[in-house]
Amino acid sequence: MLGERLDFDCAEAEREAACRFEARYRLRNGTSEAEVIDAAFLGLRTHEVSVRFDGEPLPVTEGQADPPGPGSGIWETAPAASPEDAFGRLAHTAHTAVERFGFTLTLPPGREGELVVRGVVRLERRFLPSGYVWPAVRARHVLLSSEPARATHWDIDYLLGPIRTWAGNPALHVSVRAPAAWEVGSSPDTFARTPPVATGWRLRREGAQVVAERHLEAASAPEWLNITLTKRTRWIPGGVQLGLGARLGADSRFMARLGYQLAAPEPLLHSLSVETDFREQLVLTPLSQYATPQIAIIPSLGLGLGVPVQVRPDVRPGLRLLADLHFGPLGAALSWDHYPKLREDSDSFSRLVLLFQAGL
């Protein structure tokens with residue numbers, strides 16, 4: 001084998017939950033005798049597979065590998081070691097059978113040509129448990145915020161081990177085309193389904209799509225190649241915020257706050273609240289803040305910036321800086337508001353408010 005090119009077209013993956021793939025293998029028989037190769041293409045969740053050599057279709061026999069092995073790839077049946085033996089536990093992790101598409105290829109002496117395998121691979125949706133880490137919006141609003149699907153991951157597992165059974169040290173070029181809003185990466189441990197990373201991938205935008213590319217050589221290639229497509233959730237519903245406390249300073253008084261909060265994206269919380277002292281002051285405040293997740297017993301810390309609009313006793317906009325600390329739905333928030341001078345007969349002033357908060 002001189003080289004392999006592997007292309008995944010996942011542009012319609014959101015609608016079909018599948019990707020079309022094309023694997024091209026450049027082959028050459030450098031001997032003086034004809035070579036008859038009994039080979040098979042192995043795939044997880046793979047169907048509609050066709051095989052052609054230099055444009056001519058080859059008969060394909062479809063079945064299941066037994067025992068099951070992972071991924072996809074051309075495997076020449078001559079070697080004693082089988083991908084089924086090497087990767088049975090990946091198929092067990094994927095909870096699916098392995099499809100085997102067998103075919104026979106005859107290469108005349110000195111013949112060089114291109115073997116093309118096309119098909120469709122169904123995407124496997126991955127579940128990544130959060131463990132002891134809770135997003136801020138979830139930790140602060142346990143009653144009203146449903147368990148957020150912070151990101152949806154789909155996996156493609158492609159078996160690279162068979163490329164080592166071919167003569168030479170063939171190079172492998174992999175490209176993945178997906179919607180531009182998606183991320184392309186790989187899980188370092190496909191068996192444990194660890195969070196995917198983009199290490200080793202080169203990304204570029206082409207209109208409404210993102211194209212990820214990666215180059216590998218047979219000698220240094222891993223036994224498997226995991227491709228993970230990730231779609232991030234744009235916004236996560238939160239819940240109601242209730243706050244009771246006091247304005248600090250010489251003009252101290254009781255204060256109350258009522259608001260609603262959501263996340264978009266996950267670390268950024270956005271809220272709209274109304275505050276009052278039940279006497280003369282009424283303030284409406286849109287605010288955005290960055291909040292860390294709650295990790296086990298480590299609380300969530302937030303820093304925010306908002307625009308308080310005082311409605312009573314007179315209308316004037318201001319600037320708010322906020323810092324809060326939450327353990328679960330309970331926490332405290334310290335905010336500093338500054339209202340600049342807008343007219344000749346008015347003065348600028350600042351207010352410091354400390355509130356104890358509860359999220360619903």
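The values are calculated or read from the model by the stated rules, or taken from the named source; none is laboratory data. Just so you know, these numbers come straight off a predicted model, no measurement behind them. Positions of Cβ are backbone-derived with ideal geometry, glycine not excepted, and every protein chain shown enters the neighbour counts.
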(request) Output the residue which, of all residues in the stretch 18-51 that are surrounded by 14 or more Cβ atoms within 10 Å (Cβ to Cβ) and in a loop (DSSP other than H, G, I, E, B), is farthest from the chain's Cα centre (by Cα). (result) Asn29
(request) Examine the stretch 44-60 for a residue that is under 24 Å from Ile227 (Cα atoms), assigned by TED's automatic domain parsing to the domain that holds Leu105, among the small types (Gly, Ala, Ser) and modelled with pLDDT of 80 or more, and state whether such a residue exists. (result) yes
(request) State yes or no: is Arg138 out of contact with any helix residue (DSSP H, G or I) (no Cβ under 6 Å at 6 or more places or on another chain), under 30 Å from Gly359 (Cα atoms), surrounded by 13 or more Cβ atoms within 10 Å (Cβ to Cβ) and at pLDDT below 75? (result) no
(request) Could you check, for the stretch 97-111, whether at least one of its residues is over 30 Å from Pro329 (Cβ atoms), modelled with pLDDT under 85 and not in a loop (DSSP other than H, G, I, E, B)? (result) yes
(request) Could you tell me which of the residues Leu303, Leu272, Leu334, Leu322 is buried (at least 18 other Cβ atoms within 10 Å of the Cβ), at pLDDT 95 or above and in contact with a strand residue (DSSP E or B) (Cβ under 8 Å, 6 or more places away or on another chain)? (result) Leu322
(message) Give me the strands (runs of 3 or more DSSP E) completely within the stretch 220-266, filtered to those with at least 1 residues that are within 30 Å of Phe8 (Cβ to Cβ) and either assigned by TED's automatic domain parsing to the domain that holds Pro135 or modelled with pLDDT under 90 (or both), ordered by residue number.
(response) 224-232, 236-248
(request) Check off (1) within 17 Å of the chain's Cα centre (by Cα); (2) closer than 30 Å to Val51 by Cβ; (3) modelled with pLDDT under 85 for Ala171 and give me the number that stays unchecked. (result) (1)
